[in-house]
Amino acid sequence: MDADTYSYRRTGRNRATLLAVTGVWFVLVAAILLVDAAPWLMAILGAFTLPAVWDLYRNPESGLDFTPETLTWFTGSRDASVNWQEIEKIRLDTRLDFSVRASAVLHSGRKIRLPYECTPPHEMLEAALNARGIRTERHHFSLIG
């Protein structure tokens, strides 16, 4: 892996989302057919899957790039970048749901949270940052980072 360049991409259309939505809808329809659940109640519960269905339909792309000068990321219509010289460290916080959130901590003390959807799996991100010579700091099971 080249330390100066690194690229990661993710799309909204993925197998896990499709399986989760399909599974929820299957359970809701089965509840209506097998245990005579109220269709209006199952429709309300099914409405909670609509944001995931919208992501499957739109298939938004998000990603993160290392260039020699900057750390750049984008998700949907939002994008941002920060110069490597401004970054003191990258903080990786493991949440109670075992997701890992990344924040760029600047020399000024300011924290810039990288959007979750544009960050690679934490092992890959940490390896790429270490290859680039950027210090990482791990915090496990913190509620607020």
> Any idea which residue in the stretch 1-27 is modelled with the lowest pLDDT, counting only those that are hydroxyl-bearing (S, T, Y) and in contact with a strand residue (DSSP E or B) (Cβ under 8 Å, 6 or more places away or on another chain)?
Replying inline: T5
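With the requirement that a residue be surrounded by 11 or more Cβ atoms within 10 Å (Cβ to Cβ) and not polar (S, T, N, Q), what does the stretch 20-31 give you? Talk me through it step by step, then tell me what you get.
Let us first name the residues in the stretch 20-31 that are surrounded by 11 or more Cβ atoms within 10 Å (Cβ to Cβ), namely 20-25, 27-31.
Listed by number, the residues that qualify are A20, V21, G23, V24, W25, V27, L28, V29, A30, A31.
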>> Anything in the stretch 2-19 that is surrounded by 13 or more Cβ atoms within 10 Å (Cβ to Cβ) and among the hydrophobic types (A, V, I, L, M, F, W, C)? List them, or say none.
In response: A3, L18
> Are there any pairs, at least 6 apart or on different chains, whose C-beta atoms fall under 6 Å, with the first in the stretch 23-42 and β-branched (V, I, T) and the second at pLDDT 95 or above and part of a helix (DSSP H, G or I), and if so, which?
Replying inline: I32/P39; I32/M42
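The values are calculated or read from the model by the stated rules, or taken from the named source; none is laboratory data. Because the structure is a prediction, the values reported are computed rather than measured. Methodologically, a virtual Cβ is constructed for each residue, glycine included, from the backbone with ideal geometry; neighbour enumeration extends over all protein chains shown.
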